[in-house]
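Novice: First, the structure itself, so that you have it in front of you.
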Amino acid sequence: MQTVVSGIRPTGNLHLGNYFGAVRAFTQMQNEYNCYFFIADWHSLTTHPHPDDIIRSTNTILAEYLACGIDPEKATIYVQSDVREVLELYLYLNMNAYLGELERTTSFKDKARQQPDNVNAGLLTYPSLMAADILMHKAVKVPVGKDQEQNMEMARKFARRFNTIYGVDFFTEPQSFSLGERALKVPGLDGSGKMGKSEGNAIYLIDDEKTISKKVMRAVTDAGPTEPNSEKPEPIQNLFTLMEIVSAPEVYQHFDGLYNDCAIRYGDMKKQLAADINAFCAPIRERILDIQGDKELLSRVARIGAEKARESASKTIDEVRHIIGFRPR
Ligand code: TRP
């Protein structure tokens, strides 16, 4: 089985966009690959979070992934900071990472612009830490979004460079793994673009029925079509796309028919959409609440995951130390 690694930054609750864009695909991949899914809490330190927030957001992410169906029996789910071997590999990779190439990455330049008072070395070496996460398990496939392409390119470069410097064929170059058909782009509720946390247009898996209803009812619409079978403007198309994702096909066809006949009432459509989103989210929401309340379960999952991750990491680190010329640990 091929090894897959993916890191999740603990940046708040999962929304429908995360679910249909990635998490659902992860639940399928865990049956087909040797998967390592981890919470990238070291990465999150670049923005200096408060200690309470680190613990809370790690537990939140863990609970939400489990509630979505990531199965600790199938995939290795762990917290990055539980696996100290990653730091050792991070150091070795940093020794072969050049200031110029790190400074040139767009994510560094963006971050440096966003937080000019905190342009720390962790930001600069973010790609080395990410490469350590990946190379640690000799992953061949890494499911990431387009925004991570440059970091993936760096990971491949660091793998190649290590092999060249030491004259070994040790690290495999990891490939970005496009989720393809398994990933759906979920639109936001504000008329344009996709659902995103920072966009403020998201429905979270944890949202209750009332919140979902309020958000959907507020979604942007227009005065309605005046000509039969007219093209849907983006805000309307977005509502239909959401409906296609969460509702039954008949329901979608019903409202699509009304639209094409210029007989649609958006209020009715939104009510239906809100009900269907709630029907989808409710069981997940209940599981999230259950799991979040079960601190023992959460720490057991994290502990078992850490053990499995450390096993794979130790093997790599032992070999890397040997290659570099250090004594066995
Ligand atoms: N940089 C990734 C992101 O921002 C998170 C991440 C950290 C990651 N380490 C990784 C993703 C390793 C894949 C593999 O989303």
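Novice: Taking the 0 to 90 degree range and rounding to the nearest ten, how far is the long axis of helix 85-95 tilted relative to the main principal axis of the chain, both from C-alpha atoms?
Specialist: 70
Novice: What's the magnitude of the charge dipole for region 49-157 around its Cα centre, counting Lys and Arg as +1 and Asp and Glu as -1 at the beta-carbon? Answer in Debye, nearest 20.
Specialist: Working: 12 positive and 16 negative charges, 77 e Å.
Computed about the Cα centre, the dipole is about 360 debye.
Novice: Another question about this same structure. Quick one: if the Förster radius is 22 Å, what FRET efficiency do L45 and K315 give, using the C-beta to C-beta distance and rounding to 0.05?
Specialist: Numbers: r = 26 Å, r/R0 = 1.20.
Working from the Cβ atoms, E equals 0.25.
Novice: Here's a follow-up. Could you state the number of Å between the C-alpha centres of region 215-243 and region 120-135?
Specialist: Cα centroid to Cα centroid, the span is 43 Å.
Novice: Have a look at V140, V119, V301 and tell me which one the Gaussian network model of the chain (Cα, springs below 10 Å) gives the largest fluctuation.
Specialist: Checking each option, the largest mean-square fluctuation is seen for V119.
Novice: Next up: What is the angle, in °, between the Cα long axis of helix 234-246 and the longest principal axis of the Cα atoms in the chain? Nearest 10 is fine, range 0 to 90.
Specialist: Roughly 70 degrees between the two axes.
Novice: Which sequence of I55, I277 reflects their accessible areas, 1.4 Å probe, from the largest down? Write down the numbers at each step before the final one.
Specialist: On the way: I55 110, I277 0 Å².
Sorted by accessible area, descending: I55, I277.
Novice: With a sphere of radius 11 Å drawn around the Cβ of P235, what net charge do the other residues whose Cβ falls strictly inside it have (Lys, Arg +1; Asp, Glu -1)?
Specialist: Values: positive: K232; negative: D190, D222, E234.
Summing Lys and Arg as +1 and Asp and Glu as -1 gives -2.
Novice: For region 159-171, take each phi angle, set θ = phi - 60°, evaluate the Karplus expression 6.51 cos²θ - 1.76 cosθ + 1.60, and give the result in whole Hz per residue in order, putting x for glycine and proline.
Specialist: Karplus-based 3J(HN,Hα) across region 159-171 equals 5, 4, 5, 4, 4, 5, 4, 9, x, 10, 10, 9, 8 Hz.
Novice: Compute, for the chain, the length of the dipole vector about the Cα centre, with Cβ point charges of +1 (Lys, Arg) and -1 (Asp, Glu) only. Units Debye, rounded to 20. Don't skip to the end; give the middle numbers.
Specialist: Details: 39 positive and 44 negative charges, 181 e Å.
The dipole of the chain has a size of about 860 debye.
Novice: If you don't mind, there's one more thing I want to ask. Quick one: net charge around R300, please, counting Lys, Arg +1 and Asp, Glu -1 for every other residue with C-beta under 15 Å from its C-beta.
Specialist: Details: positive: K295, R303, K308; negative: D71, E73, D82, D290, D294, E296, E307.
Local net charge: -4.
Novice: Full extension from N163 to K214: what is 0.36 nm times the residue separation minus their Cα-Cα distance, to one decimal in nm? Write down the numbers at each step before the final one.
Specialist: Numbers: separation 51, 0.36 × 51 = 18.36 nm, distance 5.52 nm.
Gain on stretching N163 to K214: 12.8 nm.
Novice: Taking 8 Å as the Cα distance limit and 6 or more residues as the minimum spacing, I'd like the relative contact order of the chain as a percentage.
Specialist: Relative contact order for the chain comes out at 23 percent.
Novice: Among V216, F26, Q2, whose Cα sits farthest toward the positive end of the charge dipole of the chain (+1 at Cβ of Lys/Arg, -1 at Cβ of Asp/Glu, about the Cα centre)?
Specialist: Farthest towards the positive end: Q2.
Novice: Between E286 and A248, take the C-beta separation as r, use R0 = 22 Å, and let me know the FRET efficiency to the nearest 0.05. It would help to have the intermediate numbers written out before the result.
Specialist: Values: r = 21 Å, r/R0 = 0.97.
After rounding, the FRET efficiency stands at 0.55.
Novice: Could I ask something else about it? Take every DSSP beta bridge with both residues inside the chain and express the antiparallel ones as a percent of the total, to the nearest 5.
Specialist: Values: 2 of 15 bridges.
Close to 15 percent.
Novice: Once amide H atoms are built 1.01 Å from N in the peptide plane, which residues 5 or more positions from C262, or in another chain, come under 5 Å H to H?
Specialist: Distant-sequence amide H within range of C262: N229.
Novice: What does the charge count near G145 come to, summing +1 for each Lys or Arg and -1 for each Asp or Glu among other residues with Cβ under 12 Å from its Cβ? Each step should come with its number before you reach the end.
Specialist: Details: positive: R9, K146, K185, K194; negative: D147, E149.
With Lys, Arg at +1 and Asp, Glu at -1, the neighbours total +2.
Novice: Mind checking which of A279, H254, Q80 is farthest towards the positive end of the chain's charge dipole, using Cβ charges of +1 (Lys, Arg) and -1 (Asp, Glu) about the Cα centre?
Specialist: Among A279, H254, Q80, the one farthest towards the positive end of the dipole of the chain is Q80.
Novice: Right, another one. Taking the chain as a Gaussian network, Cα atoms linked when under 10 Å apart, which of Q114, Q292, Q237 shows the biggest mean-square fluctuation?
Specialist: Evaluated over the chain, the most mobile residue of the options is Q114.
Novice: Expressed as a whole number of Å, what is the distance separating the alpha-carbon centroids of region 43-118 and region 149-190?
Specialist: Their Cα centres are 16 Å away from one another.
Novice: Which residue, E250, E173, E85, has the most motion in a Gaussian network model of the chain that connects Cα atoms within less than 10 Å?
Specialist: Answer for the Gaussian network model of the chain: E250.
The values are calculated or read from the model by the stated rules, or taken from the named source; none is laboratory data. Note that this is a predicted model, so its numbers are computed, not measured. Neighbour counts are summed over all protein chains in view; Cβ atoms, including those assigned to glycine, are modelled from backbone coordinates with ideal geometry. Side chains included, ligands, DNA and RNA excluded: accessible areas come from the protein's heavy atoms. Shrake-Rupley method; radii C 1.70, N 1.55, O 1.52, S 1.80 Å.
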